[in-house]
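**Student:** Quick one: the structure is below, questions incoming.
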Amino acid sequence: MKKFTALFLSLAMALSLASCGSKPAAGSASTSGSASTSQGTDDPYAKLDPVELVGADSTGKGAAGQLFGQLVASKVAEITGDKLTIDYHPNGDLGGDADLLRQMQSNDIQLVVCQTAPVVSFVPQMAVFDLPMVFSKYDGDTIDKVLNGSDSQFKTQISDAYETAGFHLLGFLQNATYRLTTANKDLKDLASFKGLQIRTMENNNHMAFWTAIGAEPTPLAFSELYFALQSGAVDAEENAADTIVGNNFNEVQKYLACTNHILYVNQICINKDAYDSLDPAYQAALDQAVSEALSEMRPQLAKIDTDNKAALEKAGMTIIQYDNSFFDEVLNLQGVKDLYTKIDGDVGGLGTTLQSALAAG
């Protein structure tokens, strides 16, 4: 009996000590407490099932769109501890822009990074970015406030247009860098553009702009452009500085004219149903990843633009800069005004909203 009683008391004391040990005093260090936190007592993703999204772009290797998409994928995995991940396919691995957007629309893939022009076929209001030189007099911070600001009327309206198309807009990457014009003619003033044979994308608004300033736009496959410039079949072309360097257009062009006619901008969007099906914690993580990637990438865009312009100048090109009086002269042409009216009508007045927001700063 004495042995039984002693055994009973020993067992009771052990249980009491174990109970006390499981609840350390507030503020005291505890290995078990740290492990519990890392396992997710305060982790919003701990009880969520892992989710993998598929994302893609069709940019060239090392282009801003690729770097941006991959940075978002890296950040969302880091934020969620690999609970939400993006299987990212860059450089056209899953197809061209139109193919990717169609795949996203049907939710075969979920996320796409691309420039604005291809999106117009799915979100017609994106033609607002075809307004020529609409951003040319503004800095990157002002433009970012309009395109990404939480209180931006423009952002609200363009986001609604994405939702109608079955997409969810996540953000726009830019830093006031633009498509520029290369030519074998000194485009020192507006009169110099008269009769200029310039290769453009097959975009009616872009072609109407060049016609309005006196040039003669010619749609041409990009793969044929270098040889067309070399042979003199066309006199000029327009692209961002990094594209011009990457394709060695400096070898067949003498001048780089900073016409700043179209903003160099990448958008990132996700299938609406895919976004809506995510737990709110995952939605917040994805939004945070995009916001952080935008902040980190924007300074890089400015440096990429500056470095590539310097490389083109070093390679022998003459750089032509314009002041605001040149842009005002172009924007006051009747043909350009008519184009603004047409595009604004096509996008339901969103062009007016954009211009007002930019002017307000």
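**Student:** Criterion first (buried (at least 17 other Cβ atoms within 10 Å of the Cβ) and either modelled with pLDDT under 95 or over 25 Å from residue 314 (Cα atoms) (or both)) does residue 211 satisfy it?
**Tutor:** Here the answer is no, as residue 211 does not meet what is asked.
**Student:** Given (1) more than 19 Å from residue 70 (Cα to Cα); (2) buried (at least 18 other Cβ atoms within 10 Å of the Cβ), identify the lone condition not met by residue 294.
**Tutor:** (1)
**Student:** Give the range 135-152 a look and list any residue that's under 26 Å from residue 335 (Cα atoms), open to solvent by 10 Å² or more (accessible area, probe 1.4 Å) and either in a helix (DSSP H, G or I) or in contact with a strand residue (DSSP E or B) (Cβ under 8 Å, 6 or more places away or on another chain) (or both), or say none.
**Tutor:** 136
**Student:** Is it the case that some residue within the range 204-225 is in contact (Cβ under 8 Å) with a residue 24 or more places away in the chain, in a loop (DSSP other than H, G, I, E, B), more than 18 Å from residue 68 (Cα to Cα) and out of contact with any Pro (no Cβ under 8 Å at 6 or more places or on another chain)?
**Tutor:** Yes: the range 204-225 contains one or more residues that are in contact (Cβ under 8 Å) with a residue 24 or more places away in the chain, in a loop (DSSP other than H, G, I, E, B), more than 18 Å from residue 68 (Cα to Cα) and out of contact with any Pro (no Cβ under 8 Å at 6 or more places or on another chain).
**Student:** Take residue 241 and tell me if it is out of contact with any helix residue (DSSP H, G or I) (no Cβ under 6 Å at 6 or more places or on another chain) and either open to solvent by less than 30 Å² (accessible area, probe 1.4 Å) or closer than 21 Å to residue 324 by Cα (or both).
**Tutor:** no
**Student:** Counting just the residues of the range 314-327 that are more than 28 Å from the chain's Cα centre (by Cα) and outside any loop (DSSP other than H, G, I, E, B), which one comes out surrounded by the most Cβ atoms within 10 Å (Cβ to Cβ)?
**Tutor:** Once the filter is applied, the top-ranked residue is 326.
**Student:** When you look at residue 257, is it open to solvent by less than 10 Å² (accessible area, probe 1.4 Å) and either free of Cβ contacts under 8 Å to residues at least 40 places away in the same chain or in contact with a helix residue (DSSP H, G or I) (Cβ under 6 Å, 6 or more places away or on another chain) (or both), yes or no?
**Tutor:** Judged against the criteria, residue 257 is not a match.
Let's see how each residue does on (1) of a type outside the set (D, E, K, R); (2) open to solvent by less than 20 Å² (accessible area, probe 1.4 Å):
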| position | (1), (2) |
| --- | --- |
| 61 | no, no |
| 85 | yes, no |
| 92 | yes, no |
| 101 | yes, yes |
| 109 | yes, yes |
| 114 | yes, yes |
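The values are calculated or read from the model by the stated rules, or taken from the named source; none is laboratory data. Since the model is a prediction, treat every value here as computed from it, not as a measurement. Because the Cβ atoms are built from the backbone with ideal geometry, glycine has one as well, and the counts that use them run over all protein chains shown. We work out accessible area using only protein heavy atoms, side chains counted, and drop any ligands, DNA or RNA first. Shrake-Rupley method; radii C 1.70, N 1.55, O 1.52, S 1.80 Å.
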